[in-house]
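Each value in this text was obtained by applying a stated rule to the coordinates, not by laboratory testing. Here the structure is a predicted model, which is why all the values come from computation and not from measurement. Here the Cβ is made from the backbone with ideal geometry for all residues, glycine too, and neighbour counts use every protein chain on show.
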Amino acid sequence: MADRKVRATGKKDGHITSLCNSGQSWSPRSKSNAIADINGGDHTYYVDEAGFRTEVHVVTINGVQYLRTVADKTHQNNLDNLPDC
């Protein structure tokens, strides 16, 4: 299992479509593959911005799975606020 740092995200219509870290062999990772990685325990993903590390989790809303970070002291590490990949 690898612990993968996310530095950017793909976005479309307000939804996260991919996780990215330029120069990493796994990047970009599609939303569906990242969800499978997390749910299967194959890999973890995290954001570390402004000195605050937060894990990327899968949440299910109305039967649809999404990628989200845990709410903490800063908004800089939210997936929506990362640069585009």
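Points worth noting:
To keep it simple, each residue is scored yes or no on (1) in a helix (DSSP H, G or I); (2) touching a Pro at 6+ places or on another chain (Cβ under 8 Å); (3) of a type in the set (D, E, K, R).
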{"site": "ILE35", "(1), (2), (3)": "yes, no, no"}
{"site": "ASN39", "(1), (2), (3)": "yes, no, no"}
{"site": "TYR46", "(1), (2), (3)": "no, no, no"}
{"site": "THR54", "(1), (2), (3)": "no, no, no"}
{"site": "HIS57", "(1), (2), (3)": "no, no, no"}
{"site": "ALA71", "(1), (2), (3)": "no, no, no"}
{"site": "ASP80", "(1), (2), (3)": "yes, no, yes"}
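- Residue check, THR9 in contact with a Gly (Cβ under 8 Å, 6 or more places away or on another chain), assigned to a strand (DSSP E or B) and surrounded by 13 or more Cβ atoms within 10 Å (Cβ to Cβ): no
- Selection count where residues are farther than 18 Å from THR54 by Cβ and of a type in the set (A, V, I, L, M), scope the stretch 1-38: 2
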